[in-house]
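J.: First, the structure itself, so that you have it in front of you.
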């Protein structure tokens, strides 16, 4: 049976122009957090509310305007300037993440903001026996937050928040070619091979505690396949937006 083709849910053109203008490569700020700060963040997770529970995935929301949000904004202001948060949480997962983007939705952006940078703080680290990393793809989604679920495995599945996309033709950088087989076998076997059609790897960033990883909300990304070796992978995320007039005015 042919899968229903679902294209990207687009933002207003003004928002998409701002997203396109701010494209840049992922950056890892090595050792930006000291041990005391990392421990404080882990302790703060205990005070957060469980927002949703998918099989193998726990999300704990920290308060809007609270101490965790303020800490991240102060930490990253020298690098990103003034930002506001449209999403993010503490995450504990035993399930490798699928390909997705965290661009938020139209009602979260309004007519003033555009999705800017994701801030990812690893609270688990790679070891000699098992790599933990984020796979960044060359492709970009200038539209709203999406899971990229091409293939029979995802037939009938509906995400709880993100939009579902099965037709990738609107992605910036779509190759219309099969994904590299060697890269698939090495990093992404938790996904069906057909799920990655039209995609290609930009870079792979390994997780290390104390580092902060920053990348465009519009950049497609996924976890490497760590299933079967790590019982839990923990992180803190902050999905940022910026005022459009600051960038285009």
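Only the coordinates and a few stated rules stand behind these numbers; no lab work does. Since the structure is predicted, the reported quantities are computational estimates derived from the model, not experimental observations. Neighbour counts are summed over all protein chains in view; Cβ atoms, including those assigned to glycine, are modelled from backbone coordinates with ideal geometry.
J.: So how do 110-117, 161-168 stack up, highest first, on mean other-Cβ count within 10 Å?
T.: Values: 110-117: 20.9, 161-168: 19.2.
Put in order of decreasing packing, that is 110-117, 161-168.
J.: What is the Cα radius of gyration of segment 120-230 over 2.2 N^0.38 Å, N being its residue count? Present the calculation step by step, with values, prior to reporting the outcome.
T.: Working: Rg = 14.3 Å, N = 111, 2.2 N^0.38 = 13.2 Å.
The reported ratio for this selection is 1.09.
J.: Name the residue, out of 237, 175, 103, whose mean-square fluctuation peaks in a Gaussian network model built on the chain with Cα pairs under 10 Å.
T.: 175
J.: Pop out the Kirkwood hydrodynamic radius of segment 13-248 from its pairwise C-alpha distances, inverse of mean 1/r, in Å to one decimal. Present the calculation step by step, with values, prior to reporting the outcome.
T.: Values: mean 1/r = 0.0548 Å⁻¹.
It is 18.2 Å.
J.: Among rounded, prolate and oblate, which fits segment 62-122 when a ≥ b ≥ c are the square roots of the eigenvalues of its C-alpha gyration tensor, a/c under 1.5 means rounded, and a/b larger than b/c means prolate? Could the numbers behind the result be given before it?
T.: On the way: a/c = 1.70, a/b = 1.16, b/c = 1.47.
Because a/c hits 1.5 or more and a/b fails to exceed b/c, segment 62-122 counts as oblate.
J.: Here is a follow-up. Quick one: Cα centre-to-centre distance for segment 50-78 and segment 3-29, in angstrom?
T.: Each part's Cα centre sits 22 Å from the other's.
J.: Using 0.36 nm per residue, how much length does the chain from residue 170 to residue 82 gain when fully extended, once their Cα-Cα distance is taken away? Show your work: numbers first, answer last.
T.: On the way: separation 88, 0.36 × 88 = 31.68 nm, distance 3.00 nm.
Extending this stretch completely gives an extra 28.7 nm.
J.: Kindly work out what percent of the DSSP beta bridges joining two residues of the chain are antiparallel, to the nearest 5. Could the numbers behind the result be given before it?
T.: Details: 44 of 47 bridges.
Expressed as a percentage, antiparallel bridges in the chain total about 95.
J.: Same structure again: Per-residue ellipticity at 222 nm for the chain, helices alone: DSSP H runs ≥ 4 residues times -39500 (n - 2.57), over residue total, nearest 500 deg cm²/dmol?
T.: Numbers: 6 runs with 50 residues, N = 249.
For the chain, the value works out to -5500 deg cm²/dmol.
J.: Same structure, new question: In the P(r) worked out for segment 170-249, what percent of Cα pairs fall beyond 21 Å? List each step's numbers first, then the result.
T.: Details: 1456 of 3160 pairs.
Looking at segment 170-249, the distances longer than 21 Å represent 46 percent of pairs.
J.: Still on this model: I need the Kirkwood Rh of segment 84-155: take the reciprocal of the average 1/r across all distinct C-alpha pairs and report it in angstrom.
T.: 14.8
J.: Which semi-axis lengths, in whole Å and largest first, follow from the square roots of five times the eigenvalues of the Cα gyration tensor of segment 17-110?
T.: Values: eigenvalues 101, 79, 46 Å².
The answer is 22, 20, 15 Å, longest axis first.
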